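Everything on this sheet refers to the single structure shown next.
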Amino acid sequence: MVTSHDVARAAGVSQATVSRVLSGSPRVAPKTRDRVLEALRQTGYTPNLVARAMRTRRTGTVGVVVASITNPFYPQVIEAVASQLAAAGSRMILWISEGTGDESALAAIRQGLVDGVLFTTVTKRSRPLHEALERNAPVVMLNRAVDSVGADQVVSDNAAGGAAVAAYFVQAGHRRVALIGGPEYASTAVSREQGYVGELLRRGVRLPPSRRQRGDFTHASGYDAMRAMLRSRHPPTAVFCANDLSA
């Protein structure tokens, strides 16, 4: 089996230099790095990931938690995250929070099988999130935000998006508008609804309870809510759905 010492001899450098190249250290001259990379290619060296993890206390693996892969939003997120992690020399473990996904994520966090966790769908009640934070694991929240949580959070301006929809409807001449919102525990649903309703009020358009339905971000809930509104005496002429599946 080819070892890092064999690579070092082939490249004419020390084993420590090979280790620095493998770890992505900037403390290697470009020409030296190229020589080591060529030696790696020629020798067919494959790092012993278990040994490296024991030595560095890093697994090179990041956990990613998504709600469901049936929602077209999440496969796009997964593809982008996987691409960036691969470029950084890391791997990804994917968990789907539906079913046993949360328990699997908890087990991996407890066992130190991941260097950090990216959560795309969390609430204040998410056990994996709180356990990761308690264990001081690096955490990033993407898509949904949780107030008073000490972790990096990357979110879109959902309120501005909701307001833009309201402005478009009113400018198009719609006054009998409606909303099929999402669950109250999801920050994305709350922010989109606040932006939408707030902009309607600012433009003098009222949104009565009969045209303000709430779903759970699924096809079924969107269908049921829309069917109920279409059966009303004055059905809406334009409807804002809180996500693509509801629409």
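The values are calculated or read from the model by the stated rules, or taken from the named source; none is laboratory data. Just so you know, these numbers come straight off a predicted model, no measurement behind them. With ideal geometry, Cβ positions are generated from the backbone for all residues, glycine too; neighbour counts draw on all protein chains shown.
Restricting to the stretch 166-180, name every residue that is under 20 Å from Pro235 (Cβ atoms) and either crowded, with 19+ Cβ neighbours inside 10 Å or without any contact (Cβ under 8 Å) to a residue 24 or more places away in the chain (or both).
Ala166, Tyr168, Phe169, Gly173, Val177, Ala178, Leu179, Ile180
Hey, can you tell me all the residues within the stretch 91-114 that are assigned to a loop (DSSP other than H, G, I, E, B), surrounded by fewer than 18 Cβ atoms within 10 Å (Cβ to Cβ) and touching a residue at least 24 places away in the same chain (Cβ under 8 Å)? It would help to see each step written out before you state the result.
Applying the first criterion (assigned to a loop (DSSP other than H, G, I, E, B)) to the stretch 91-114 yields 111-114.
Subsequent filtering for residues that are surrounded by fewer than 18 Cβ atoms within 10 Å (Cβ to Cβ) retains 111-113.
Of everything in the stretch 91-114, those that are assigned to a loop (DSSP other than H, G, I, E, B), surrounded by fewer than 18 Cβ atoms within 10 Å (Cβ to Cβ) and touching a residue at least 24 places away in the same chain (Cβ under 8 Å) turn out to be Gly112, Leu113.
Name the single residue that is farthest from Ala87 (Cα to Cα) among those in the stretch 20-29 being under 34 Å from the mean Cα position of the chain (by Cα) and not basic (Lys, Arg). Spell out the reasoning first.
Taking the stretch 20-29 first, the residues under 34 Å from the mean Cα position of the chain (by Cα) are 20-28.
Right, trim to not basic (Lys, Arg) and you get 21-26, 28.
Values: Val21: 15, Leu22: 13, Ser23: 13, Gly24: 11, Ser25: 14, Pro26: 16, Val28: 19 Å.
Only one residue fits best here, namely Val28.
Please list, ordered by first then second residue, the pairs with beta carbon atoms under 8 Å, 6 or more apart or interchain, first in the stretch 4-28 and surrounded by 15 or more Cβ atoms within 10 Å (Cβ to Cβ), second among the hydroxyl-bearing types (Ser, Thr, Tyr) and not in a helix (DSSP H, G or I).
Here the result reads Ser4/Tyr45; Asp6/Tyr45; Val7/Tyr45; Ala8/Ser14, each pair linking the stretch 4-28 to a residue that is among the hydroxyl-bearing types (Ser, Thr, Tyr) and not in a helix (DSSP H, G or I).
For the structure I just gave you, tell me whether Ser221 is closer than 20 Å to Tyr74 by Cβ and buried (at least 17 other Cβ atoms within 10 Å of the Cβ). Don't jump to the end; show me each part of the working.
Working: closer than 20 Å to Tyr74 by Cβ: yes; buried (at least 17 other Cβ atoms within 10 Å of the Cβ): yes.
Against the criterion (closer than 20 Å to Tyr74 by Cβ and buried (at least 17 other Cβ atoms within 10 Å of the Cβ)), Ser221 qualifies.
Under the condition of being polar (S, T, N, Q) and buried (at least 17 other Cβ atoms within 10 Å of the Cβ), which residue from the stretch 115-125 is nearest to Gly60 (Cα to Cα)? First the steps, then the outcome.
Pass one, the stretch 115-125, residues polar (S, T, N, Q): 120-121, 123.
Now restrict to residues that are buried (at least 17 other Cβ atoms within 10 Å of the Cβ): 120-121.
On the way: Thr120: 20, Thr121: 23 Å.
Filtering first and then ranking leaves Thr120.
Among the candidates Ala189, Ala247, Ala164, single out the residue that is over 30 Å from Leu106 (Cβ atoms) and either assigned to a helix (DSSP H, G or I) or modelled with pLDDT of 95 or more (or both). Let's see the steps before the verdict.
Values: Ala189 fails: over 30 Å from Leu106 (Cβ atoms); Ala247 fails: either assigned to a helix (DSSP H, G or I) or modelled with pLDDT of 95 or more (or both).
The unique qualifying residue is Ala164.
Yes or no, residue by residue, for (1) within 30 Å of Ser232 (Cα to Cα); (2) aromatic (Phe, Trp, Tyr); (3) in contact with a helix residue (DSSP H, G or I) (Cβ under 9 Å, 6 or more places away or on another chain):
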residue	(1), (2), (3)
Ile93	no, no, yes
Phe119	no, yes, yes
Gln153	no, no, no
Gly182	yes, no, yes
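Within the stretch 73-89, which residues are surrounded by 18 or more Cβ atoms within 10 Å (Cβ to Cβ) and either free of Cβ contacts under 8 Å to residues at least 12 places away in the same chain or of a type outside the set (A, V, I, L, M, F, W, C) (or both)?
Correct list: Tyr74 only.
Looking only at the stretch 130-151, which residues are out of contact with any Lys or Arg (no Cβ under 9 Å at 6 or more places or on another chain), under 20 Å from Val190 (Cα atoms) and either not in a loop (DSSP other than H, G, I, E, B) or not aliphatic (A, V, I, L, M) (or both)?
Hits for the stretch 130-151 are Met141, Leu142, Asn143, Arg144.
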